[in-house]
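Notes for the one structure printed next.
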2 protein chains.
Amino acid sequence: MNEERLFGFAGGTSGEWRVTGQVIIRGEPLPTASHVRVRPLAYVDAADALPGQVWLLRGARSHERYTNRAEHQRLSAAAPALNRVEATSGALIPIRKSAAWWALAQDERRTIFEERSRHISGTLKYLPAIARRLYHSRDLGEPFDFLTWFEFAPADAATFDQLLADLRSSEEWTFVDREIEIRLQRESALSMA
Amino acid sequence: MNEERLFGFAGGTSGEWRVTGQVIIRGEPLPTASHVRVRPLAYVDAADALPGQVWLLRGARSHERYTNRAEHQRLSAAAPALNRVEATSGALIPIRKSAAWWALAQDERRTIFEERSRHISGTLKYLPAIARRLYHSRDLGEPFDFLTWFEFAPADAATFDQLLADLRSSEEWTFVDREIEIRLQRESALSMA
């Protein structure tokens, strides 16, 4: 029924991604894990704890909430796939936005997101290097609203840092009240769909 | 953390709402229940099955996805609260939209939803009589995308039928591929938050 809609990100002592760094950007911390394992979940409550697991974050792949048709086509043309062989660096960045953000109407959120913060048009130039995927967590009652996921080649790490700097200096980011940056290195064979 | 975000709707042999009729509008049926019980869920997986339960549908109260600020204010001014003493009639109508709908971009969905189907502006006139609440289920991996909930006085049943007829004759509804109408009568004291 869910066609790999739901995913669990387990932080613990094992997993195909090794944690190379964790920075609390804003808000409450998260316990430190040495590895992250990413798994599709058959059901939202299907995630049995792994040995050594210290946290589990869940999110759903979902439809786009702000992107118009023209933007969608530009993004699709520019965005690389996940699981590129050379993309052995990664990042999991869980984000929560404030109650003030969620109280805004759709047109107000869109205006801040794109017309003022250029979340889509401003980050297009990074897309050939940086693969990304967004998971939605808010409706699941999770501690974060979004799990953002990135994959890139080690040589593109500075490009990725610039992407993060651009977003974090935007008006949209003034509504982010919890953010944790977990940098990753792929350890084992490709396993994520 | 979730401030009564998640709710479970359990169909079975007990509950504060008695089922007075069930109609398969489109798509796969749902087993018949004599009663529906509505409960907030502390976690998405916190719903233990009740004795006699034949189905459980889960959904999250969430932010508005299409409404602009002006529309939000008109809706808020017109909409009655849930749990009015006189509103002893109700309906639970789970709905699923097609893959074609979800593949549309935000601007395309908005255009169909409001500019062409007048989902907001066309139903405002029913709001003084009909209380409604939308629960989002799609990101939870549920069999329906939305659980729509309505409460009204028995004398307003024809008004409610007209609201349903308006929506079902809209372009938006050509994207609905599963819909079940469960009509309800309140049996016991008010219990829903």
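The values are calculated or read from the model by the stated rules, or taken from the named source; none is laboratory data. Everything numeric here is computed off the predicted structure, so don't read it as measured data. Reconstructed Cβ throughout: ideal geometry from the backbone, glycine too, with neighbour counts over all protein chains shown. We work out accessible area using only protein heavy atoms, side chains counted, and drop any ligands, DNA or RNA first. Shrake-Rupley method; radii C 1.70, N 1.55, O 1.52, S 1.80 Å.
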Exclusive hit being more than 14 Å from chain B (Cβ to nearest Cβ) and on the phi > 0 side of the Ramachandran plot, set A:Gly90, A:Gly15: A:Gly15
Of (1) within 14 Å of chain A (Cβ to nearest Cβ); (2) on the phi > 0 side of the Ramachandran plot; (3) not aromatic (Phe, Trp, Tyr), B:Gly52 satisfies every one except (1)
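For residues that are polar (S, T, N, Q), touching a residue at least 60 places away in the same chain (Cβ under 8 Å) and closer than 30 Å to A:Ile120 by Cα, tally how many sit in segment B:55-112. Full working, then the answer.
Going through segment B:55-112, the residues polar (S, T, N, Q) turn out to be B:62, B:67-68, B:73, B:76, B:83, B:88-89, B:98, B:106, B:111.
After this cut, where a residue has to be touching a residue at least 60 places away in the same chain (Cβ under 8 Å) as well, the list is B:62, B:83, B:88-89, B:98.
Then keep just the ones that are closer than 30 Å to A:Ile120 by Cα; that gives B:62, B:98.
Qualifying residue count, segment B:55-112: 2.
Take the residues in segment A:103-156 that are assigned to a loop (DSSP other than H, G, I, E, B) and of a type in the set (Asp, Glu); name whichever of them is nearest to A:Tyr66 (Cα to Cα).
Selected residue: A:Asp145.
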If you go through segment A:154-173 one residue at a time, do you hit one that is among the charged types (D, E, K, R), open to solvent by 20 Å² or more (accessible area, probe 1.4 Å) and under 30 Å from B:Gly8 (Cα atoms)? no
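With the structure loaded, tell me whether A:Asp145 is acidic (Asp, Glu), in contact with a helix residue (DSSP H, G or I) (Cβ under 8 Å, 6 or more places away or on another chain) and modelled with pLDDT of 95 or more or whether it fails that test.
Numbers: acidic (Asp, Glu): yes; in contact with a helix residue (DSSP H, G or I) (Cβ under 8 Å, 6 or more places away or on another chain): yes; modelled with pLDDT of 95 or more: yes.
Criteria met by A:Asp145.
Pull up segment B:50-102, narrow it to residues that are in contact with a strand residue (DSSP E or B) (Cβ under 8 Å, 6 or more places away or on another chain) and open to solvent by 70 Å² or more (accessible area, probe 1.4 Å), then point me to the one that is nearest to B:Glu181 (Cα to Cα). Give the derivation first.
At the first step, the residues of segment B:50-102 found to be in contact with a strand residue (DSSP E or B) (Cβ under 8 Å, 6 or more places away or on another chain) are B:50-62, B:79-84, B:87-98.
Next cut, open to solvent by 70 Å² or more (accessible area, probe 1.4 Å) only: B:51, B:54, B:61, B:96.
Working: B:Pro51: 23, B:Val54: 16, B:Arg61: 20, B:Arg96: 12 Å.
Taking the candidates together, the pick is B:Arg96.
Out of the residues in segment A:110-120 meeting the condition of being in contact with a helix residue (DSSP H, G or I) (Cβ under 7 Å, 6 or more places away or on another chain) and closer than 21 Å to A:Arg133 by Cβ, tell me which one is farthest from the other protein chains (Cβ to nearest Cβ).
Keep residues of segment A:110-120 that are in contact with a helix residue (DSSP H, G or I) (Cβ under 7 Å, 6 or more places away or on another chain), which gives A:112-113, A:117, A:119-120.
Right, trim to closer than 21 Å to A:Arg133 by Cβ and you get A:113, A:117, A:119-120.
Numbers: A:Phe113: 11, A:Ser117: 16, A:His119: 13, A:Ile120: 11 Å.
The selected residue is A:Ser117.
Identify the residue in segment A:29-49 that is within 11 Å of chain B (Cβ to nearest Cβ), assigned to a loop (DSSP other than H, G, I, E, B) and not small (Gly, Ala, Ser) and, among all such residues, is least open to solvent (accessible area, probe 1.4 Å). Steps first, please.
Taking segment A:29-49 as the starting set, the residues that turn out to be within 11 Å of chain B (Cβ to nearest Cβ) are A:40-47.
Next, only the ones that are assigned to a loop (DSSP other than H, G, I, E, B) stay: A:42-47.
From what is left, the residues that are not small (Gly, Ala, Ser) are A:43-45.
Values: A:Tyr43: 140, A:Val44: 2, A:Asp45: 71 Å².
Across segment A:29-49, the extreme among qualifying residues is A:Val44.
Surrounded by fewer than 19 Cβ atoms within 10 Å (Cβ to Cβ), within 14 Å of chain A (Cβ to nearest Cβ) and closer than 26 Å to B:Gly8 by Cβ: does that describe B:Leu147? Steps first, answer last, please.
Working: surrounded by fewer than 19 Cβ atoms within 10 Å (Cβ to Cβ): no; within 14 Å of chain A (Cβ to nearest Cβ): yes; closer than 26 Å to B:Gly8 by Cβ: yes.
Against the criterion (surrounded by fewer than 19 Cβ atoms within 10 Å (Cβ to Cβ), within 14 Å of chain A (Cβ to nearest Cβ) and closer than 26 Å to B:Gly8 by Cβ), B:Leu147 does not qualify.
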As an exercise: evaluate B:Arg132 against (1) under 30 Å from A:Arg58 (Cβ atoms); (2) open to solvent by 20 Å² or more (accessible area, probe 1.4 Å); (3) within 14 Å of another protein chain (Cβ to nearest Cβ); (4) under 16 Å from the mean Cα position of the chain (by Cα) and give the number of the one condition it does not meet. (3)
